[in-house]
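J.: Take this structure, written in structure tokens, and hold onto it; I'll ask about it next.
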Amino acid sequence: MATVKLYVLSSGLLWAEKGFLFNFGTQEDTGEKYEPESVAGISCQYFIDHSDAKILFDLGWNMEDFSKLKGFPQRENEDGKEIEQAPDENPKSQLEKIGVSIDEIDYVVISHLMAEHAGWLPLFREKKARIIVQKKELEYAYANKDRSRFAPEPFHSWMYWSRHFDHPDLNYELVEGDRELVDGVQIMHTPGHTPGYQIMKVRLQKSGPIVLSACETWHNYYGVGVNAVAPGIPHCFSYSYGDELRNFRKIKQIVGEEKGQIFFGHDYKQFQTLKKVPEYYD
Ligand SMILES: [Zn+2]
């Protein structure tokens, strides 16, 4: 039987206006008045150490890019900070904590190619790692890249930076739909936030199934949105809100049936409760 360990890696903190993150419900829907507020968001990366393959899921953001972004959508916290990243909050340094080199990585799965998930992709140029993205996502990234004039999603376009993903020496393997990468490690195509958005599910012996939902917080699945009759709040900018909500519902159903749990990649509150590298889930 395969042995599998799941590590949670950190990529530092970003503060944003909460209205940038979610489509909130009206006061009538939610019983709560919307108040502007700065919310801290983590950007998780995950390392799956499987006896058949070493897998990274998402790569976080890099300081060089984000220190150039000023103001909206970032919003200062009480201490006047918009971003915070320690020098070791990148995939290479996080893996070094457990003696793993990026040269050993077999697969880099990317949920979607936006800047806070694909920021360290150039680290994998000329490496053996196969970069697993949905074919639709790479097409969407090229269509939107660097604020393309003809971008299908103008609001998204600033988050697709070609310097992250547009390199001929990145070893892409494009997938369409769901795929079992190795025994017990699944890629699930969950379009909505973007057309090629994907998440992962890892089956662990002791901890059970864990869904790695890279670009979400608890609120996306369980908060109450506009005119909502059921929980679930799409991101404030998404390619398809309907698809996104349908996929949240699908994941919640799977997690319910399989008695699993969801790790929310942007949820700082949950992140504080999780084991971090060098500790792991098995
Ligand atoms: Zn995200």
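Read-outs throughout are calculated quantities, based only on the coordinates presented, and are distinct from any laboratory measurement. For clarity, every value in this text was computed on a predicted model and none was experimentally measured. Note: ideal-geometry Cβ built from the backbone for every residue, glycine included; neighbour counts use all protein chains shown.
J.: Checking residue 100 against (1) of a type in the set (Val, Ile, Thr); (2) in contact with a Leu (Cβ under 9 Å, 6 or more places away or on another chain); (3) more than 16 Å from the ligand (Cβ to nearest atom), which test does it fail?
T.: The number of the failed condition is (2).
J.: Could you please give the count of residues in the stretch 223-282 that are small (Gly, Ala, Ser) and either within 16 Å of the ligand (Cβ to nearest atom) or under 19 Å from the mean Cα position of the chain (by Cα) (or both)? Lay out the reasoning, then the answer.
T.: Of the stretch 223-282, the ones small (Gly, Ala, Ser) are 223, 225, 228, 230, 232, 238, 240, 242, 256, 260, 265.
Remaining after also requiring either within 16 Å of the ligand (Cβ to nearest atom) or under 19 Å from the mean Cα position of the chain (by Cα) (or both): 223, 232, 238, 240, 260, 265.
Total meeting the criteria: 6.
J.: Still on this model: Quick check: anything in the stretch 115-125 in a loop (DSSP other than H, G, I, E, B) and away from the ligand (no atom under 16 Å from the Cβ)? Show your work before the answer.
T.: The first filter runs over the stretch 115-125 and keeps only residues in a loop (DSSP other than H, G, I, E, B), leaving 119-120, 125.
Next, only the ones that are away from the ligand (no atom under 16 Å from the Cβ) stay: 125.
Yes.
J.: Name the pairs whose Cβ atoms lie under 9 Å apart, with the first residue in the stretch 34-45 and under 13 Å from residue 83 (Cβ atoms), the second near the ligand (Cβ under 10 Å from one of its atoms) and part of a strand (DSSP E or B), and 6 or more positions between them or separate chains?
T.: From residues that are under 13 Å from residue 83 (Cβ atoms), the pairs are 40/14; 41/14; 42/14; 43/14.
J.: Looking only at the stretch 27-40, which residues are surrounded by fewer than 20 Cβ atoms within 10 Å (Cβ to Cβ) and either of a type in the set (D, E, K, R) or under 29 Å from residue 118 (Cα atoms) (or both)? First the steps, then the outcome.
T.: Of the stretch 27-40, the ones surrounded by fewer than 20 Cβ atoms within 10 Å (Cβ to Cβ) are 27-38, 40.
Within the stretch 27-40, 28, 29, 32, 33, 35, 36, 37, 38, 40 meet the criteria.
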